[in-house]
Every structure is written in C-alpha cells, then in structure tokens.
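Okay, structure first, notes after.
The values are calculated or read from the model by the stated rules, or taken from the named source; none is laboratory data. Keep in mind that this is a model prediction, so the values were computed, not measured. Note that each Cβ is placed from the backbone with ideal geometry, even for glycine, and that neighbours are counted across all protein chains shown.
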Amino acid sequence: MQHQKNLSGNSSQSTSPRPSEYLAVTLEELEKDQEKYDGKKVEYAGMYKTAFEKSLLDNKIVLEFSPQGAENTKNLNPSIFARPQGARIKVRGVMHSKTGQLYGHMGIGRYLITVDEMEVLD
C-alpha cells in the first residue's frame, strides 16, 4: 500500500499498482513508435490544460479515469487545472495509442490514458 499526499496536504493510502509496474514514456517516444505503447501501463508527465470541450495533456493526450483512478484523485482540487497555464502533472495508467485512432470528445486527442493515479507536480 502506498501513501501519497493530495492537494489538501492530507496523507491518503492507495492500493494502486506500484510505480515500477509502469513504463516511463515521453511524447517524443510515443510519437516515434505509438503502437509499442498501446495497451501498456505507462507513466507520463506533462502539462495538463482544461477548457470548454478541450482537456488535454501536452495538447495531444486525452485522460479518462478508471474507477480506481477516480477514487485516487477525488481529493485533488479541480481549480488547479483551470489555470490558464494549466498544471504540470504525472499520470500512471493504460495507454491507448493505435495508429489512426482518435480519442475523446469529437476526436480531439491522438492518444488516451486511462488513469489509475495522478499527481500534481507544480
């Protein structure tokens, strides 16, 4: 079981998979060989911006939350994501990156991560 701090500063326990089970990936690596990461557990850090009908990580990745991810992130303060500059975050979850597939509302994203864990880095 892991302990993590949410934005309110409270410590919470998490039964989510250990970070070592996730493969760290960058946008450059993903775009070079997106099929390699499809269906894999990944760890990804980037800038998350949210706006009306457009919420993306690094302007290309849609986030959706697994039931576990929704539970693990319920104490995060949503206002941090509404800042004009966005928020730097790290997510762990399953990558969906089939060539030619579009994800999210109106096919806005080239990739999708089903989030198990999210942490705010700034």
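I'd like the full set of residues that are more than 22 Å from GLU53 (Cβ to Cβ) and either in contact (Cβ under 8 Å) with a residue 60 or more places away in the chain or under 15 Å from the mean Cα position of the chain (by Cα) (or both), limited to the stretch 98-121.
Within the stretch 98-121, the subset more than 22 Å from GLU53 (Cβ to Cβ) is 98-100, 116-117, 119-121.
Of everything in the stretch 98-121, those that are more than 22 Å from GLU53 (Cβ to Cβ) and either in contact (Cβ under 8 Å) with a residue 60 or more places away in the chain or under 15 Å from the mean Cα position of the chain (by Cα) (or both) turn out to be LYS98, THR99, ASP116, GLU117, GLU119, VAL120, LEU121.
So that you can scan it fast, the table gives a plain yes or no per residue for (1) under 25 Å from GLU29 (Cβ atoms); (2) surrounded by 19 or more Cβ atoms within 10 Å (Cβ to Cβ):
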{"position": "GLU53", "(1), (2)": "no, no"}
{"position": "LEU63", "(1), (2)": "yes, yes"}
{"position": "PRO67", "(1), (2)": "no, no"}
{"position": "ASN77", "(1), (2)": "no, no"}
{"position": "VAL91", "(1), (2)": "yes, yes"}
{"position": "HIS96", "(1), (2)": "yes, yes"}
{"position": "GLN101", "(1), (2)": "yes, no"}
{"position": "GLY109", "(1), (2)": "yes, yes"}
{"position": "VAL115", "(1), (2)": "yes, yes"}
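Could you please give the count of residues in the stretch 68-97 that are more than 22 Å from ALA51 (Cβ to Cβ) and among the hydrophobic types (A, V, I, L, M, F, W, C)?
Total meeting the criteria: 2.
If you go through the stretch 1-23 one residue at a time, how many are over 13 Å from GLY93 (Cβ atoms) and either at pLDDT 50 or above or out of contact with any helix residue (DSSP H, G or I) (no Cβ under 9 Å at 6 or more places or on another chain) (or both)?
Qualifying residue count, the stretch 1-23: 10.
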